[in-house]
Structure formats: C-alpha cells, structure tokens
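The structure appears right after this line, and notes come after that.
The values are calculated or read from the model by the stated rules, or taken from the named source; none is laboratory data. The shown structure was predicted, so the numbers you read here are calculated from the model rather than taken from an experiment. Positions of Cβ are backbone-derived with ideal geometry, glycine not excepted, and every protein chain shown enters the neighbour counts. Heavy atoms of the whole protein, side chains included, go into the accessibility calculation; ligands, DNA and RNA do not. Shrake-Rupley method; radii C 1.70, N 1.55, O 1.52, S 1.80 Å.
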Amino acid sequence: SAWANNTAGSADSISRTLTIGQAADVTAPQLILLLPANTTYNNTTRQLNYTSGDAANCWYSLNSEANQTLSSCANATITAAQGANVLRLYANDSSGNLNSTVIYFSVDTTAPLLTLLLPANTTYNSKIRALNFTSTDSGSGVSMCWYSLNSGANSSAGVCANTSLTAIEGANSII
C-alpha cells in the first residue's frame with residue numbers, strides 16, 4: 001500500500017497485490033559426451049554414451065545426415081562410416097534452452113598389407129636369418145609389427161623395421 005497527504009490534510013491511498021513467480025529458466029541443460037571419443041576405431045558399430053542433465057529432448061546427427069531422436073535421452077548404438085566421422089549431439093530442456101557438442105572420430109576397418117620378403121620358403125645352411133618385410137596401410141597407418149617363430153611368443157619388430165631371427169635346425173614357421 002502507498003499513501004499520500006497534501007498540506008491541506010487530504011490523504012489518499014492505493015493498494016496492489018502482486019505475485020512474484022519463479023525466475024525464468026535460461027540455463028541450457030548440461031551435455032557431456034563420453035563416447036565416441038576423438039580417436040580411430042576398428043569397427044563401425046559405436047556406442048553413443050552421454051549425460052544430459054535436465055534435458056527433455058535429445059538427438060544427434062552423424063556426418064550431416066538427418067537428425068536422429070534419442071528416446072528418453074537414452075544412450076544408443078550408432079553405425080559410423082569408414083573413414084572420418086562427425087557426430088553432433090543436441091539436448092534441450094522444457095524451457096527450450098539448447099545445448100550441443102561435436103566430436104570428430106575415424107573408423108579404419110581395413111587391415112594393413114604385410115609382405116614377407118625374407119626368409120624365402122627354402123632351405124638355408126645357417127640358423128641366423130634376415131627377417132625382411134613391408135607393411136603398409138592407407139587408412140590409419142601401421143602402428144606396430146611383431147612376429148612369432150615356431151609358434152613361440154610374439155617378438156616385436158621395432159617400429160616395423162627389418163630384423164634378424166635365429167631359427168632351429170629343421171623346419172621353421174614364421175607367423
């Protein structure tokens with residue numbers, strides 16, 4: 001209420017009732033993308049794992065394709081493409097506040113090409129033999145090489161460099 005008096009002693013008052021409501025929600029829902037990560041995978045089936053706070057709706061777009069709704073903002077399984085992928089994840093809350101995030105990842109399902117140059121499939125007169133090979137991969141590259149002599153433990157071939165091995169007398173196999 002408010003009152004006013006003048007110098008002649010006249011008074012007036014006015015009353016108003018007002019209701020203070022809850023402040024408008026202007027905060028976007030939290031959105032944390034856990035998987036896929038920014039890395040290279042060896043298969044196209046990927047988990048889409050995330051947390052979305054108070055989101056009411058969630059959806060994604062993979063490689064600029066049509067948006068895909070995520071029912072109840074639940075995690076899902078997606079099928080990525082061979083090569084580079086871009087995943088955009090979106091969430092909005094009941095007030096219409098939008099949040100989004102993007103992740104870049106790759107898929108390389110093609111195995112490297114390995115060519116064994118030496119030893120040849122023949123008989124030798126010494127046990128110490130050169131192990132020469134080439135390994136190429138046009139996708140994500142070759143990260144490591146190893147071999148097994150006569151079904152023994154795997155032996156590292158360094159950073160895919162030629163090496164030597166000591167064979168036994170008789171038949172030997174290299175895997």
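Things worth noting here:
- The slack between E169 and T69, meaning 0.36 nm per residue of separation minus the straight C-alpha distance, is 29.6 nm.
- Residue-level accessible surface for V159, protein heavy atoms, 1.4 Å, Å²: 130 Å²
- The modelled label-to-label distance for the pair L118/V142, using points 7 Å beyond Cα in the direction of Cβ, is 1.6 nm.
- Cβ-isolated cysteines (cut-off 4.7 Å), the chain: none
- Computed over protein heavy atoms with a 1.4 Å probe, the accessible surface of segment 5-134 works out to 67 Å² per residue.
- Sum of side-chain charges, N97 neighbourhood, beta-carbon under 12 Å (Lys, Arg +1; Asp, Glu -1): -3
- Compared with the direct C-alpha span, the chain from A11 to V86 gains 19.8 nm at full extension, assuming 0.36 nm per residue.
- Among L149, L113, L89, the order of accessible area from largest down is L113, L149, L89, computed with a 1.4 Å probe on protein heavy atoms.
- Solvent-free Debye scattering, log10 I(q)/I(0), computed from the Cα coordinates of segment 75-175 at q = 0.20, 0.22, 0.24, 0.25 Å⁻¹: -1.03, -1.15, -1.27, -1.33
- Solvent accessible area, Å² - I175, 1.4 Å probe, full protein context: 130 Å²
- The chain: translational diffusion in µm²/s, Stokes-Einstein, Kirkwood Rh over Cα pairs, 4 °C, 1.567 mPa s: 58 µm²/s
- Exposure ranking of R88, R46 by accessible area [1.4 Å probe, largest first]: R88, R46
- Counting charges near T27 (Lys, Arg +1; Asp, Glu -1) among other residues having Cβ under 14 Å from its Cβ returns a value of -3.
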